[in-house]
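The values are calculated or read from the model by the stated rules, or taken from the named source; none is laboratory data. Computed from a predicted structure; not experimentally measured. Backbone-built Cβ (ideal geometry, glycine too); neighbour counts: all protein chains shown. Calculation scope for accessible area: heavy atoms of the full protein, side chains included, ligands and nucleic acids excluded. Shrake-Rupley method; radii C 1.70, N 1.55, O 1.52, S 1.80 Å.
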Amino acid sequence: MDASMLINAELSEASSGERIDVFNPARPAERVGTMPRGGREDVDRAVLAATTAAPGWAALAPAERVALLAAAADALGPLIADAAKTQTREMGKILAESMADVGTADFMLRFNPPIAVQALETERVQDDLGSVAIEKRPFGAVGIIVPWNWPVSLLFVRLSAALAVGNTAVCLPSPYASLSVLQAAEAVARVLPPGVLNVVTGHGQEVGRAITEHPQIRRVSFTGSIATGRDVLQAASANIKVTSLELGGNDAAVILDDVEVNDAMIDGLVAATMTSAGQVCFAVKRLYVADSRFDEVVEAFSQRLSTFIVGDGLDPATTMGPLVNANQAKRLDKLLDEARSRGAHLNELGTLADGCDPEGYFRMPTVVTDVDESFQIVSEEQFGPAVPVMPFSDIDDAVQRANDTEYGLGASVWSADPGRAKEVGRRLEAGMVFINRHDVASAHPRGAFGGMKQSGLGRELGRFGPESYVEIQQVVDPA
Ligand code: NAD
């Protein structure tokens, strides 16, 4: 598949004429396709298209934009299965998860816009002090940058809100997951006026930087690692761009002494840790278990992981695919090597499917015990299928250790008593607290998705996401 960028509703090559090869992480020698290596000139063209389209798109009635975005979902529907297959080949996750990722774009284009347009409603205040109308308007062209792990859904959560309130967009997907994004975006853009949705592909340091520095983009939404988030903030500071950041996490799950260890609980824990081979921003990345229940939880969790089949995500028998690329695999290996060399116990589980390419970036589900917060596998975001499990003796200790991090994305508490779990949950420094679950489907689309501390700035979804894509202008009448 030789993909093109999408600028002003036209398929476009990079000005440089250069292309980037895309390889399959299950078979690294297999080229899945190529995509243009965009640069600053291409971002300039996309911004020109987006700013030119902006006044006309903003002038439509909100209901017209809602209807067009629903029509865009209709156009995307027939392509979901194909784009999902592309995604599994370019970034490795199993096909059912890729279907969920692309399917979420369809859902978001229908679900989010009718809620989002409420963010445009004028608020009026009239009292003895005077009369003021607080009016809302779109920014114009917004920049949206997303990572490779849930590339289509992350993009469309943001797009469905930003476009509904009247913005146009210039988007950058990760070079590790651009092909499926382009397939989805092309279908959607066909239904929208030219220039409303533009996608530039290429390397983040080139295209991403050009977007974040561009003076005509007044608002940037960035999703990715904390390190890149810092660069984005710095670049955006040059022209004081309104910036939201959804960054990494090192989510703790705290399992209390009254927890019921049954199939549903273990299913929940497995989904929390192993979905997309652990490459989920709010995956559970550390487990704290009440010491009286430690052995039982470790055993039941390990037993279930031993049924995993690791292999090519296109094979329906596979339960976990490879990691996305060599760097991610090396990073995880380094964290596990440190743990091993310092005496941690590593229990590698599951079966590698027959016939897997030995060069593929496959890593087995691994339960790591005999560790504490001084180990990197505990203190850093591992972004892979290896989970440190640690005992605690009292809840204050568990809360203190769970909070002893600069991350603050999600956290969960597991207990037979949801009231008790919520009390503990409120003490955890995390933007999202879950009770007795912590999986991708836990993020309610009318909630407030995002993190505290260095895990981010701002929230997506619900009313908070759309409100972040409008400018506020107060109009004061003479008293
Ligand atoms: P990354 O930060 O390397 O890249 C993210 C995106 O930024 C990519 O599209 C990349 O092309 C672009 N980019 C790279 N350098 C840039 C620069 N200098 N300026 C502007 N853009 C640039 O992250 P990744 O490896 O693609 O994704 C994994 C990370 O994303 C993990 O830390 C994960 O936790 C995080 N993440 C967070 C959320 C969330 O909602 N909080 C969701 C998914 C992933």
(message) If Ser4 meets every condition in (1) out of contact with any Leu (no Cβ under 6 Å at 6 or more places or on another chain); (2) touching a residue at least 60 places away in the same chain (Cβ under 8 Å) apart from one, which number is that one?
(response) (1)
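A quick yes/no check of all residues on (1) in contact with a helix residue (DSSP H, G or I) (Cβ under 6 Å, 6 or more places away or on another chain); (2) under 23 Å from Phe308 (Cα atoms):
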| position | (1), (2) |
| --- | --- |
| Gln328 | no, yes |
| Gly343 | no, no |
| Leu349 | yes, yes |
| Cys356 | no, yes |
| Gly360 | no, yes |
| Asp372 | no, no |
| Met390 | no, yes |
| Glu406 | yes, no |
| Met432 | no, no |
(message) Can you find a residue that is exposed (fewer than 15 other Cβ atoms within 10 Å of the Cβ) and closer than 30 Å to Ile226 by Cα anywhere in segment 308-328?
(response) yes
(request) Would you check which residues across segment 90-113 are open to solvent by less than 10 Å² (accessible area, probe 1.4 Å) and out of contact with any Phe, Trp or Tyr (no Cβ under 6 Å at 6 or more places or on another chain) and list them? (result) Glu90, Gly92, Lys93, Ser98, Val102, Leu109, Asn112, Pro113
(request) Go through (1) out of contact with any Leu (no Cβ under 9 Å at 6 or more places or on another chain); (2) closer than 20 Å to Asp439 by Cα; (3) open to solvent by less than 40 Å² (accessible area, probe 1.4 Å) and name the single condition Gly384 misses. (result) (1)
(message) When you check Thr212 against the structure, is it of a type in the set (Ser, Thr, Tyr), more than 16 Å from the chain's Cα centre (by Cα), within 15 Å of the ligand (Cβ to nearest atom) and crowded, with 24+ Cβ neighbours inside 10 Å, yes or no?
(response) yes
(message) Test of understanding: among Val181, Val188, Val165, Val157, which residue is open to solvent by less than 10 Å² (accessible area, probe 1.4 Å) and within 15 Å of the ligand (Cβ to nearest atom)?
(response) Val181
(request) Pairs only if they're at least six apart or on different chains, beta carbon under 7 angstrom, first in segment 448-465 and within 11 Å of the ligand (Cβ to nearest atom), second among the polar types (S, T, N, Q); list them, first residue then second. (result) Leu457/Thr243; Leu457/Ser244; Gly458/Ser244; Gly458/Ser468
(message) Among the residues of segment 233-247, what is the count of those that are farther than 19 Å from Glu467 by Cα and either within 8 Å of the ligand (Cβ to nearest atom) or under 22 Å from the mean Cα position of the chain (by Cα) (or both)?
(response) 5
(message) Every residue in segment 10-44 that is over 26 Å from the mean Cα position of the chain (by Cα) and crowded, with 19+ Cβ neighbours inside 10 Å, please.
(response) Ser12, Ala14
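Conditions tested, residue by residue: (1) basic (Lys, Arg); (2) free of Cβ contacts under 8 Å to residues at least 12 places away in the same chain; (3) closer than 30 Å to Ile395 by Cβ; (4) touching a Cys at 6+ places or on another chain (Cβ under 8 Å).
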{"position": "Gly195", "(1), (2), (3), (4)": "no, no, no, no"}
{"position": "Gly229", "(1), (2), (3), (4)": "no, no, no, no"}
{"position": "Ile240", "(1), (2), (3), (4)": "no, yes, no, no"}
{"position": "Asn262", "(1), (2), (3), (4)": "no, yes, yes, no"}
{"position": "Thr273", "(1), (2), (3), (4)": "no, no, yes, no"}
(request) Check every one of the strands (runs of 3 or more DSSP E) wholly within segment 379-479 and list those with 3 or more residues that are farther than 24 Å from Val367 by Cβ. (result) 470-476
(message) Kindly evaluate Ala317 against the criterion of being more than 25 Å from Gln376 (Cα to Cα), part of a loop (DSSP other than H, G, I, E, B) and of a type in the set (A, V, I, L, M).
(response) yes
(request) Residue by residue through segment 411-441, note down the ones that are small (Gly, Ala, Ser), under 18 Å from Gly278 (Cα atoms) and open to solvent by 20 Å² or more (accessible area, probe 1.4 Å). (result) Ala441
(message) Considering only segment 93-114, I want to know if a residue exists there that is closer than 22 Å to Glu467 by Cβ, at pLDDT 95 or above and among the acidic types (Asp, Glu).
(response) no
(request) Give me a count of the residues in segment 215-243 that are assigned to a helix (DSSP H, G or I) and either out of contact with any Ser or Thr (no Cβ under 6 Å at 6 or more places or on another chain) or open to solvent by 70 Å² or more (accessible area, probe 1.4 Å) (or both). (result) 9
